There are 2 protein chains.
Amino acid sequence: MDEHLLIQKYFSNIGSAYLAEHNVEVSIGDDASVTSANINSQYINSIDTSILGVHFLESMTPEEIAYRACVVALSDLAACGAKPCWYSISLTFPEFNEDWLSEFSSGLNRFSEEYKIPLIGGDTTKGYLSITVQVMGQVDSGKAILRSNAKENELILVSGKIGNAFLGLKQLEENSTSKNYQDFYKSPKARIELGMELVGLATSAIDISDGLLQDLNLLCESSNIGAEIFADQIPTSSKKILLELINSGDDYELCFTAKESDIDSIQDISRKLHIPITVIGRTNSSQELVLFDESKKRMEIGSGYKHF
Amino acid sequence: MDEHLLIQKYFSNIGSAYLAEHNVEVSIGDDASVTSANINSQYINSIDTSILGVHFLESMTPEEIAYRACVVALSDLAACGAKPCWYSISLTFPEFNEDWLSEFSSGLNRFSEEYKIPLIGGDTTKGYLSITVQVMGQVDSGKAILRSNAKENELILVSGKIGNAFLGLKQLEENSTSKNYQDFYKSPKARIELGMELVGLATSAIDISDGLLQDLNLLCESSNIGAEIFADQIPTSSKKILLELINSGDDYELCFTAKESDIDSIQDISRKLHIPITVIGRTNSSQELVLFDESKKRMEIGSGYKHF
């Protein structure tokens with residue numbers, strides 16, 4: 001099958017119900033896609049590659065692989081408070097297999113329906129299984145939440161439970177009969193609704209893909225601040241392997257900063273969206289990230305996910 | 001080195017002189033990049049993956065690999081008549097090597113300077129060498145050249161010489177002492193200036209990446225027309241292996257259609273840009289692509305690049 005027919009068969013009409021509302025004029029099938037923009041908007045772009053054996057497991061289904069690769073990319077938009085507009089995908093796969101492609105396509109459909117965005121462009125190449133997803137979102141002009149805008153003496157908060165994806169990954173790797181955490185790894189959620197609600201409230205944000213402490217450290221560096229974090233306040237499903245959990249990555253929860261005076265509004269959002277949000281510490285002017293245990297003794301921080 | 005420092009060191013400030021003119025507000029270093037849009041513009045997006053051994057040779061330098069991967073992606077914008085705005089890149093590479101990354105970064109710089117666009121986002125992962133480049137361009141609203149808009153009884157034209165990249169690839173693969181065609185493969189040009197000049201003149205266009213006849217066939221299918229092409233009019237550097245040359249791909253020249261009454265304007269553009277433009281045939285209502293030899297006998301068409 002030639003690339004053109006392959007794209008037509010498995011990648012056209014994914015999320016096509018959402019083309020018009022996102023001003024997509026030409027979608028899959030031309031040299032490139034054509035969209036028009038809204039005035040008074042900022043556009044947020046991100047690109048993310050998922051590779052077999054590094055970012056997802058061989059045991060996952062093509063449906064799960066497609067869905068997860070897209071959510072992981074979209075998570076960067078959540079951290080900016082953006083509303084997703086559309087996405088494009090470059091898929092590298094080793095051999096032509098109708099069943100595999102058809103299932104992969106189902107995963108894209110699930111993603112498109114859940115986040116209500118169309119797939120508007122693609123490329124396919126032959127090689128080791130790898131998926132690059134590019135996502136575009138928008139926010140009102142000047143409203144994008146950046147990771148560089150935190151100030152000292154603000155609250156540091158996280159959504160969800162940290163380390164659940166790691167627990168799921170372990171269950172998957174060990175082929176465990178316990179499956180209660182597996183979906184946190186296989187089917188993460190991009191915290192889009194939360195990010196959008198936090199526009200105007202969060203002073204900075206980052207998504208936790210490489211481990212809470214490592215990502216928070218990036219936020220601190222970008223904002224030129226320091227932070228005090230309290231280990232016993234970090235929401236995890238187990239306290240026994242706390243450091244492992246908070247450095248494990250793959251959670252795609254949001255870590256963000258906010259003024260103390262906004263805590264009530266943030267708790268309202270938490271209730272409204274049924275997403276736990278927890279204060280885990282406070283920013284300061286120290287330029288250093290410090291983790292304390294329950295007796296306020298400094299703890300070793302460890303390290304998060306290493307790409308190389 | 002962690003991913004953050006790696007991106008800072010090798011991927012920040014590439015083409016940064018062009019950030020402001022393309023309304024880029026946040027570039028590399030945040031979760032995502034932030035841009036704003038012009039009203040009365042259409043935005044053109046494309047994504048393209050280049051893989052070692054499939055889209056480029058192991059013998060090429062990291063500088064050449066980076067440059068080529070970007071040009072190849074940008075070529076899709078040329079076919080739409082778009083002015084490039086910015087690009088993002090997802091790089092997968094097998095091991096951390098400062099020299100390699102530094103040279104790769106030089107190739108991105110050469111590309112950014114030549115096309116005057118900034119790199120605004122990136123992702124790095126460990127794995128088999130592969131580069132995915134996403135490009136964004138703009139045209140005035142309603143002016144994007146599509147591949148679906150050709151009508152019957154129009155001229156079919158191509159830029160440049162077809163098959164030169166194939167001749168260059170052969171010289172490279174054979175480690176030939178003749179190097180006169182190698183740059184056509186290693187350093188292709190995206191026909192951006194030509195595409196921009198053709199806005200309002202070309203009724204449809206496609207870039208020739210998979211072979212002239214195969215790509216022209218896609219244009220015909222998209223436009224629901226047929227075409228007659230005359231082999232002896234196709235500009236090639238050799239007539240001996242004509243079919244091989246015109247089916248070889250990798251040229252990144254433009255194939256486009258235009259009204260006969262616009263031929264003088266098109267020839268003016270050809271002279272102004274010093275790019276040969278040649279009429280190679282004519283569209284018709286037949287739904288079929290037919291190739292004629294010099295005695296107007298039908299020739300076998302052969303086939304272009306197969307992705308799978």
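The values are calculated or read from the model by the stated rules, or taken from the named source; none is laboratory data. Quick caveat: nothing in here was measured; it's all calculated off a predicted structure. Using ideal geometry, Cβ is built from the backbone for each residue, glycine included, and neighbour counts are taken over all protein chains shown.
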Using the structure shown, decide if A:Ser88 is crowded, with 24+ Cβ neighbours inside 10 Å and within 15 Å of the chain's Cα centre (by Cα). no
Here are A:Ile7, A:Ile51: which of them is in the same structural domain as A:Gly107 (by TED's automatic domain parsing) and closer than 30 Å to A:Leu146 by Cβ? A:Ile51
What number of residues in region A:207-228 are within 12 Å of chain B (Cβ to nearest Cβ), of a type outside the set (A, V, I, L, M, F, W, C) and assigned to a strand (DSSP E or B)? 1
Quick check on my filter: what residues within region A:1-50 are charged (D, E, K, R), touching a residue at least 40 places away in the same chain (Cβ under 8 Å) and buried (at least 23 other Cβ atoms within 10 Å of the Cβ)? A:Asp48
If I filter region A:167-206 down to residues being in a helix (DSSP H, G or I) and among the small types (Gly, Ala, Ser), which single residue comes out as farthest from the other protein chains (Cβ to nearest Cβ)? A:Gly168
Test result for B:Ser270, of a type outside the set (Lys, Arg), surrounded by fewer than 22 Cβ atoms within 10 Å (Cβ to Cβ), within 14 Å of chain A (Cβ to nearest Cβ) and part of a helix (DSSP H, G or I): no
Here the residues within region B:208-230 that are under 10 Å from B:Thr283 (Cβ atoms) and of a type in the set (Gly, Ala, Ser) are B:Ser223, B:Gly226, B:Ala227
Considering only region B:145-160, I want to know if a residue exists there that is crowded, with 21+ Cβ neighbours inside 10 Å, in contact with a Gly (Cβ under 7 Å, 6 or more places away or on another chain), at pLDDT 95 or above and of a type in the set (Gly, Ala, Ser). no
Hey, among A:Ile47, A:Ile65, which residue is touching a Phe, Trp or Tyr at 6+ places or on another chain (Cβ under 9 Å), β-branched (Val, Ile, Thr) and modelled with pLDDT of 90 or more? A:Ile65
Can you tell me which residue is modelled with the highest pLDDT among those in region B:286-299 that are polar (S, T, N, Q) and surrounded by 11 or more Cβ atoms within 10 Å (Cβ to Cβ)? B:Ser286
Kindly check whether there is at least one residue in region A:161-179 that is β-branched (Val, Ile, Thr) and surrounded by 20 or more Cβ atoms within 10 Å (Cβ to Cβ). yes
Across region A:37-64, which residue is nearest to the other protein chains (Cβ to nearest Cβ) among those that are among the hydrophobic types (A, V, I, L, M, F, W, C) and not in a strand (DSSP E or B)? A:Ala37
Qualifying position, being touching a residue at least 12 places away in the same chain (Cβ under 8 Å) and either surrounded by 24 or more Cβ atoms within 10 Å (Cβ to Cβ) or more than 10 Å from every other protein chain (Cβ to nearest Cβ) (or both), among A:Glu98, A:Glu103, A:Glu114: A:Glu103
Is at least one residue of region B:245-254 assigned to a helix (DSSP H, G or I) and surrounded by 18 or more Cβ atoms within 10 Å (Cβ to Cβ)? yes
Residue by residue through region A:74-90, note down the ones that are more than 7 Å from every other protein chain (Cβ to nearest Cβ) and free of Cβ contacts under 8 Å to residues at least 60 places away in the same chain. A:Tyr87
Go through (1) in a helix (DSSP H, G or I); (2) farther than 17 Å from B:Ser33 by Cβ and name the single condition B:Ala73 misses. (2)
Against the definition (over 26 Å from B:Val26 (Cβ atoms), more than 11 Å from every other protein chain (Cβ to nearest Cβ), in contact with a Leu (Cβ under 7 Å, 6 or more places away or on another chain) and not hydroxyl-bearing (Ser, Thr, Tyr)), how does A:Leu108 come out, yes or no? yes
Only residues that are crowded, with 23+ Cβ neighbours inside 10 Å and not aliphatic (A, V, I, L, M): list them for region A:187-220, please. A:Pro188, A:Arg191, A:Gly195, A:Ser204, A:Asp207, A:Ser209, A:Asp210, A:Gly211, A:Gln214, A:Asp215, A:Cys220
